[in-house]
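The values are calculated or read from the model by the stated rules, or taken from the named source; none is laboratory data. All of these numbers come straight from a predicted model, not from anything done at the bench. Virtual Cβ from ideal backbone geometry, glycine too; neighbours counted across all protein chains shown.
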Amino acid sequence: MKRDHGNQLRFGIVGAGRIAESYAWAFQSARNARLTCIADNRATVAGIMAEKLACAHFDSHLALAESGLIDAVVVATPPATHSSICLDFLDRKIPVLCEKPVSLDAESARLIRRRAGESRTLFTMASKFRYVEDVVRAHSIVSSGILGQIVLFENTFMSNVDMSGRWNANPAVSGGGVLIDNGTHSADIMRYFIGRLSSIHVVSGIRLQDVPVEDTVHVTVRAENGATDGWIFLGASISNVTITLQYMAQKVRCAWAGRAPTTGRMAVLPGYSSDTATTKSRRSAIRSKTSAPPFKDWKNL
């Protein structure tokens, strides 16, 4: 990957919507990367955003790709456009960070992966939750083995959102509803904690909003290790704005819950077996760590 003379990676952003703005402002505080240009087929919108950020702008992603102003690119456009845009950058050996979902179907996702491998160019999908400090700390507890064999993982990702006027209620643009939107986060969190998944069963729930995409979904999965199952509940029509992760071991149960990933707190609930010395020691060890403030204040896990 090339770097400019200031030893910072030069990034471009394709798309000038709300998500793109979040990336643009994040670059303002980055030490090893900077934003050099923005592209959007709405030239006026791209120009307004570029003026605020003092960077160049283009009316197409191809013009940005050929500009010579970037070392890498963030693709933050509607999902239906992800595949073609990403392939265009990979063909030019420009590393890509693509917003979720990568594409609307498995075939095009596999093509992107294959093209990235053939061109030896970095490609990844944005997956924010595994980088949140509280989630990282929870993962360290699970990985330490102190909970024993994890047999159940539950992730609830719900909020009450009016989908009627949103672009992601249009399947031609979004590819679907809560499954392809929030489900990408849930699947990534689950893989982060329990590894690769060997089976996935998805059932669309009762549709509570008059939209052409699913607004509630139930997912059951099994990890490749054969010993861990998972449940995912997704919804945009239920008044539950919390994200809850639950981990159940053979002898103790550990839960994390919070309105946002940075306000969660670990807690240990009663075990499901007799109070053997091993179970007691595990509970004691975990309680000594979970009696502290939220994860962001913990120093020694």
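Couple of notes before you dig in:
- Qualifying residue in the range 194-201 (condition: under 29 Å from Val136 (Cβ atoms), at pLDDT 90 or above, among the charged types (D, E, K, R) and within 11 Å of the chain's Cα centre (by Cα)): no
- Filtered by the rule that a residue be among the basic types (Lys, Arg) and either at positive phi or in contact with a Lys or Arg (Cβ under 6 Å, 6 or more places away or on another chain) (or both), the range 143-185 gives no residues.
- Tally of residues being modelled with pLDDT of 85 or more and more than 24 Å from Leu197 (Cβ to Cβ) across the range 147-164: 4
- Residue in the range 79-101 that is outside any helix (DSSP H, G or I), in contact with a helix residue (DSSP H, G or I) (Cβ under 7 Å, 6 or more places away or on another chain) and without any contact (Cβ under 8 Å) to a residue 24 or more places away in the chain present: no
- Only a single criterion out of (1) more than 16 Å from Ala65 (Cα to Cα); (2) surrounded by fewer than 18 Cβ atoms within 10 Å (Cβ to Cβ); (3) not assigned by TED's automatic domain parsing to the domain that holds Leu179 is not satisfied by Glu133, namely (3).
- Among the residues of the range 102-118, those identified as surrounded by fewer than 18 Cβ atoms within 10 Å (Cβ to Cβ), outside any loop (DSSP other than H, G, I, E, B) and either of a type outside the set (Gly, Ala, Ser) or touching a residue at least 40 places away in the same chain (Cβ under 8 Å) (or both) are Glu107, Arg110, Leu111, Arg113, Arg114, Arg115, Glu118.
For (1) touching a Gly at 6+ places or on another chain (Cβ under 6 Å); (2) farther than 26 Å from Pro78 by Cβ; (3) not in a strand (DSSP E or B), each residue gets a yes or a no:
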{"residue": "Gly148", "(1), (2), (3)": "no, yes, yes"}
{"residue": "Met163", "(1), (2), (3)": "no, no, yes"}
{"residue": "Gly176", "(1), (2), (3)": "no, no, yes"}
{"residue": "Ser186", "(1), (2), (3)": "no, no, yes"}
{"residue": "Met190", "(1), (2), (3)": "yes, no, yes"}
{"residue": "His201", "(1), (2), (3)": "no, yes, no"}
{"residue": "Asp210", "(1), (2), (3)": "no, no, yes"}
{"residue": "Arg222", "(1), (2), (3)": "no, yes, no"}
{"residue": "Ala227", "(1), (2), (3)": "no, yes, yes"}
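- Residue list for the range 34-70, filter: acidic (Asp, Glu) and either buried (at least 18 other Cβ atoms within 10 Å of the Cβ) or touching a His at 6+ places or on another chain (Cβ under 9 Å) (or both): Asp40, Glu51
- Whichever residue in the range 206-228 is in contact with a strand residue (DSSP E or B) (Cβ under 8 Å, 6 or more places away or on another chain) and among the polar types (S, T, N, Q) and, among such residues, is farthest from Ile189 (Cα to Cα): Gln209
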